[in-house]
Amino acid sequence: MEETNISQEQNPLGTAPVGGLIGKFAIPAIISMLVSALYNIVDQIFIGQGVGMLGNAATNVAFPVTTIATALALLLGIGGASNYNLEMGAGREKKASSIAGTALSTLVITGVILAVAVLLFLRPLLSLFGATTDVMPYAVDYLGITAVGLPFYALSIGGNHIVRADRSPTYSMTCVLTGAIINTILDPLFIFGFGWGIKGAAWATVIGQVVSGILVIIYFGKFRKMYLEMSMLKPSSECLKAIISLGMASCINQIAMAVVQIVLNNILRYYGGLSVYGSDIPIACVGVISKVNQVFMAICIGISQGCQPIWGFNYGAKKYDRVRLAYRYSVIACTAIATVFFLCFQLFPHQIVSIFGTGSDLYFQFAERYLKIFMFMTFANGIQPMSSGFFTSIGKAKLGIVMSLTRQVLFLLPLIVVFSLIMGIDGVMYAGPIADAAALSLAILFARRELVAMKK
C-alpha cells in the first residue's frame, strides 16, 4: 500500500499544473489525429487532381471500411488506455500492464480478421456502400489494395492510445506522423510519376500504415515505460471485458458514422439520380466534405484524447477538482477551434472544395451549398465528441455510449431519411445542423450533471 501512495504522488498526471498537462498531452494527440485524417485527405486531393470526380467518389464509397477499422482500433485502444490509466491511478500496476498487453494483441487479431472479410466480400460490400456502375471499378482497385494494410492500421491507431497512456505522447505522435509523411511523398510519385492512378494512392496508404504499425511494435519492444511481459500479450477474457466496457463508446460512435455514411451514400445515389445533379456528383461532393470535416473533428478528438490520461488518472486518484478543471479547459479549447472552422466553412466554401480537384458548375454548386448548410452548427460541434471521451475516461461507460449514439444514430440517421422523403436531396443538408443542435443540448445536460456531482 505504501508503494501505491508513492507511485501516485510521483506521477505528474496527479500533481503537475492541469493547463500544462493538457498542452503536453493534447498537442501530440491533435497532431496524431490530424495526421490520421491526412491519410485520407492527401489521397482525396491527389486522386481528385490525378483521377477526377469518380476517383473521389470511389474513396467515399470505400471509406466505411476505414471507419469500421477505426471503430475496432478505438474499442481496444481507448478501452485499453482508459483502463490502464484508471488502474495506474489506483496503484495497480500489474493489472494495468495486463490490460495493455491484451489490447495490443487483440488489435492485430481483429485487423487480420477484418482484412480477410473485406477481401472475400469486396464487390458486395462496395455495392452495399453505395457504389454506382461508373464508380465501382475505381472502388474495387482502391479498397482491394488498402484492405491489405488494415492490421497495421488498427495497430497504429489503437496502439498509439496505449503509447500515450504510457506517458509517451511524443512517440505516439511520431508513429502516426512518420506514416503520413511517407504516404504524402509516395502519393504523387505513384499516381503521377508511375502512372498508377488510384492504385498508386492505395499502395502509398498501405506502406505508410505498415511503417506506423511497425513503430508501435518497436516502442513496446524497446522504449516502453510500463512493466510488460510476453505472457501479458496473451488475450485475457477478464481484461478484454474491461477494455470493451470503456472502449465501446468510441467504437459505437465510429460504427454509427459508418452506418450513417452507408445510408447517406445510398440516399445520395437514389435522390441524386432524381435531381439535376445526378448520382455521382453528390457522392463525390459529400466524400470531399466529410474529409474536410475530419480535420476539424481530429483537433477536437485530439484534445479529448490528450485529456483522457489526465481525467482517468485523477478520477481514479479521487482528485475531482483536477478532473473538473481539465474538462473546463477542454471545452474552451474545442469551442474556440470550432468557431474558426465555422467561419472558414461559411466564408470560403468554394476555395475549400477547389483544393480537392476541379468539377462542373453543378459540382461546385452542390458542394458549396452542402458545406454551408450541413456544417452550419460547426461552432458548437466539438463539445459532444469531447464529452463522450470524458465519460469513458472516468469509467462512466454507459454515458459515453449514450453520448456516442446521440448525434449519429438518435438524431442524424432518422432526420436524413425523413427529410429526404420530404425535400429530396436537399433534405440531407438540413438534417445535419438540426442533429448537431440536439446532440449538443444532451451533451451539456449530462456533462453539467456529472460535474456538479463531482463538486459535491
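Numerical summary
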quantity	calculated
Selection from Thr15, Val118, Ala437 lying farthest towards where the dipole of the chain points positive, charges on Cβ	Thr15
Relative contact order of the chain, defined on C-alpha pairs under 8 angstrom at six or more residues apart (%)	24 percent
Separation in nanometres of the label points that stand 7 Å from Cα toward Cβ, at Glu93 and Ser105	2.2 nm
Cα lying deepest toward the dipole's positive end in the chain, options Ile157, Asn60, Met375, charges on Cβ	Ile157
Selection from Ile182, Phe194, Leu104 lying farthest towards where the dipole of the stretch 97-234 points positive, charges on Cβ	Leu104
Cleavage-rule hits (trypsin sites (Lys or Arg not before Pro)) in the stretch 314-408: DSSP loop, at most 15 neighbouring Cβ within 10 angstrom	Lys318
Theoretical ellipticity at 222 nm over the chain - DSSP helices of four or more residues, -39500 (n - 2.57) apiece, nearest 500	-27500 deg cm²/dmol
Set of aspartates and glutamates with alpha-carbon distance to Lys319 below 17 Å, sequence-local pairs under 8 removed	Glu9, Glu87, Glu450
Solvent exposure, largest accessible area first (probe 1.4 Å, DNA, RNA and ligands not counted), of Glu450, Glu238	Glu238, Glu450
The stretch 79-134 versus the stretch 140-176: alpha-carbon centroid distance in Å	10 Å
Reachable lysines from Lys372, criterion Cα separation under 27 angstrom, eight or more residues apart if same chain	Lys291
As computed over the stretch 174-282, the Cα convex hull volume per residue (Å³)	167 Å³
Exceeding the 26 Å Cα-Cα cut-off - candidates Lys222/Lys318; Lys225/Lys398; Lys241/Lys398; Lys199/Lys222; Lys94/Lys318; Lys24/Lys225	Lys222/Lys318; Lys225/Lys398; Lys199/Lys222
Cut-off 13 Å between beta-carbons: net charge of the residues surrounding Val163, Lys and Arg +1, Asp and Glu -1	+4
Rounded to the nearest 20 debye, dipole of the stretch 167-306 from Cβ charges on Lys, Arg, Asp, Glu	340 debye
When the convex hull of its Cα atoms is projected in every direction, mean area for the chain (nm²)	20.1 nm²
Charge dipole magnitude, Cβ of K and R +1, D and E -1 - the chain, Cα centre, debye nearest 20	1240 debye
Per residue accessible area of the chain, 1.4 Å probe, in Å²	38 Å²
In the stretch 43-124, chymotrypsin sites (Phe, Trp or Tyr not before Pro) in a DSSP loop with at most 12 other beta-carbon atoms within 10 Å	Phe121
Charged-residue dipole, Cβ positions (Lys, Arg, Asp, Glu), the stretch 45-161 about Cα centre, Debye nearest 20	300 debye
Residues of type aspartates and glutamates that Lys455 reaches as a straight line, Cα spacing below 17 Å, ignoring anything fewer than 8 places off in the same chain	Asp321
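The values are calculated or read from the model by the stated rules, or taken from the named source; none is laboratory data. Owing to the predicted nature of the structure, the values given are computational and were not obtained by experimental measurement. Positions of Cβ are backbone-derived with ideal geometry, glycine not excepted, and every protein chain shown enters the neighbour counts. Quick note on the areas: whole protein, heavy atoms, side chains included, nothing else; ligands and nucleic acids left out. Shrake-Rupley method; radii C 1.70, N 1.55, O 1.52, S 1.80 Å.
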